[in-house]
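One structure is given below, encoded as structure tokens.
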Amino acid sequence: MKISTSKKELQVALQKLSKATPTRSTLPILSSVLFSVREEGTILRTTDLEITIIVNLPVSLETAGSVAIPLQTLLDVTNELPDEARITLTADENNRVKMVTEVGSYDIMGKPADEFPATPEADNRKATGVSSNALKEIISKTSFAVSRDELKPALTGVLFRFGKTELTAVATDGHRLVRYTRKDYNADEYSGDVIVPRKFLSLLLNVLVGDSAIQMWMGDNHMTATIGEDTYFTRIIDERFPDFQSVIPQDNDKAFTANQNELLSAVRRVSIFSNKSTHQIALRLNKENFKITTEDPEKSSKAQEKISGEFDGEDFVIGYNARYLKDILSHVDNEKVIIKFKTPISAALFYPGTQNEKSELTMLLMPIRLNE
């Protein structure tokens, strides 16, 4: 194999590919990037066995061939080269790689291409009609509520429910739940439910720049996304997602409306004084005034702030983990936030003051018992 390319082209490709290179692995080959050089084009591929990334690299081709090269070493050298550098990569039959530039040459020990895992099989794949703007909005609205608990695999991704005219995304970690529905969706070939891993969605959010054109397909075991000339595969989570509809209460009859920014700012300030293990704060509502309070007996500290708003209901006190409450409030993309309660020990629902005509957002937060 022998090719030459520019520093910038190689650097951009390696930076994208590094997102699917595991930091630790029992398979050393996974720390490499596979170069597949053919007359029809040069393709670079990385995988961590869950996610696979394929990138086309513009090159001047001298000799075709394939080799796996340690990605981090290649990227570290490329980053330090002058911006206008031209790079020539040569690999012999023993997988010894020589990297030659105007400023020097570097020998790297590669690995046989046939040791590298195969590209995922995208069997029976069907197109979805997701636009890049809708996908970015879905990811940013839901991924914060995805569970980090690997013992609950179904909760470590976002449920995508592809309907005919609606696309609903749901994420939950057991403490909070987000349901986000896009009404401006038109189905393509695929309809049904699929759980997409959070890591893959975070990756897509980073590579979707501006109004990037995206095509997505669902296969039997993998989801495929194509952005420009780059292709991304992920293994889907083959688990049953909880029945989220039955968890969302329908009879919360106490409503509190407040300015989103004012309420979030108050929670942030008051929570500084909360207990560092429980993060417990209280929302105290009555006809006269509304307050956010906290007390930490261990440090003999307390804080309270009055907030303005409107409350429809009897006197009410409810406790929350401040970190979860801040997460929920910061994802209300509206000047007003509406919170609907039933009891101090049941789930509350959070809504934007007015729903977007193209979408609908519902967030749920479980309370914590107050130590009073």
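Here's a check for you: in region 135-146, which residue that is touching a strand residue (DSSP E or B) at 6+ places or on another chain (Cβ under 7 Å) and either hydroxyl-bearing (Ser, Thr, Tyr) or surrounded by fewer than 19 Cβ atoms within 10 Å (Cβ to Cβ) (or both) is farthest from Gly163 (Cα to Cα)?
Ser143
Look through region 203-226, keep the residues that are closer than 14 Å to Ala127 by Cα and without any contact (Cβ under 8 Å) to a residue 60 or more places away in the chain, and return whichever of them is surrounded by the fewest Cβ atoms within 10 Å (Cβ to Cβ).
The qualifying residue surrounded by the fewest Cβ atoms within 10 Å (Cβ to Cβ) is Thr226.
Considering only residues that are among the charged types (D, E, K, R) and free of Cβ contacts under 8 Å to residues at least 24 places away in the same chain, which ones fall in region 2-35?
Arg24
If only one of Thr88, Thr46 is crowded, with 20+ Cβ neighbours inside 10 Å, within 21 Å of Met109 (Cβ to Cβ) and hydroxyl-bearing (Ser, Thr, Tyr), which one is it?
On inspection, the qualifying residue turns out to be Thr46.
Could you count how many residues in region 48-92 are more than 29 Å from the chain's Cα centre (by Cα) and in a strand (DSSP E or B)?
13
Does Ile51 satisfy the condition of being aliphatic (A, V, I, L, M), touching a residue at least 60 places away in the same chain (Cβ under 8 Å) and over 19 Å from Val209 (Cα atoms)?
Taking the combined requirement at face value, the residue satisfies it.
I'd like to know if region 30-45 contains one or more residues that are among the charged types (D, E, K, R), over 24 Å from the mean Cα position of the chain (by Cα), outside any loop (DSSP other than H, G, I, E, B) and over 23 Å from Leu208 (Cα atoms).
yes
Any chance you could count how many residues in region 237-262 are within 20 Å of Arg198 (Cα to Cα) and in contact with a Phe, Trp or Tyr (Cβ under 9 Å, 6 or more places away or on another chain)?
Residues meeting the conditions: 0.
Residues to consider are Ile281, Ile272, Ile292; find the one that is of a type in the set (A, V, I, L, M) and surrounded by fewer than 20 Cβ atoms within 10 Å (Cβ to Cβ).
Only one candidate passes the filter, namely Ile272.
I need a count of the residues in region 258-275 that are in contact with a helix residue (DSSP H, G or I) (Cβ under 8 Å, 6 or more places away or on another chain) and not in a helix (DSSP H, G or I).
Number satisfying all stated conditions: 1.
Residues being buried (at least 17 other Cβ atoms within 10 Å of the Cβ) and either touching a helix residue (DSSP H, G or I) at 6+ places or on another chain (Cβ under 9 Å) or not hydrophobic (A, V, I, L, M, F, W, C) (or both): count how many of those fall in region 66-84.
Of the residues in region 66-84, 9 are buried (at least 17 other Cβ atoms within 10 Å of the Cβ) and either touching a helix residue (DSSP H, G or I) at 6+ places or on another chain (Cβ under 9 Å) or not hydrophobic (A, V, I, L, M, F, W, C) (or both).
Asp253 passes all but one of (1) over 27 Å from Leu155 (Cβ atoms); (2) surrounded by 14 or more Cβ atoms within 10 Å (Cβ to Cβ); which number fails?
It is condition (2) that Asp253 fails.
Only one of these is in contact with a Gly (Cβ under 6 Å, 6 or more places away or on another chain) and acidic (Asp, Glu): Asp211, Asp188, Asp230. Name it.
Step by step, each of Asp211, Asp188, Asp230 is checked, and only Asp188 is in contact with a Gly (Cβ under 6 Å, 6 or more places away or on another chain) and acidic (Asp, Glu).
State all residues of region 276-303 that are over 11 Å from Tyr320 (Cβ atoms), among the hydroxyl-bearing types (Ser, Thr, Tyr) and assigned to a strand (DSSP E or B); if no residue qualifies, say none.
If the condition is that a residue be over 11 Å from Tyr320 (Cβ atoms), among the hydroxyl-bearing types (Ser, Thr, Tyr) and assigned to a strand (DSSP E or B), then Thr293, Ser301 are the ones that fit.
Test Leu155 against the stated conditions and say whether it is modelled with pLDDT of 95 or more and under 30 Å from Ser191 (Cα atoms).
yes
Mind checking which residues of region 186-231 are within 16 Å of Ile139 (Cα to Cα) and among the aromatic types (Phe, Trp, Tyr)?
The answer is Phe200, and nothing else.
Determine whether Arg161 is touching a residue at least 24 places away in the same chain (Cβ under 8 Å), under 30 Å from Tyr320 (Cβ atoms), surrounded by 21 or more Cβ atoms within 10 Å (Cβ to Cβ) and not hydrophobic (A, V, I, L, M, F, W, C).
When the stated conditions are applied, Arg161 does not pass them.
The values are calculated or read from the model by the stated rules, or taken from the named source; none is laboratory data. Being a predicted model, the structure only gives us computed values, none of them experimental. With ideal geometry, Cβ positions are generated from the backbone for all residues, glycine too; neighbour counts draw on all protein chains shown.
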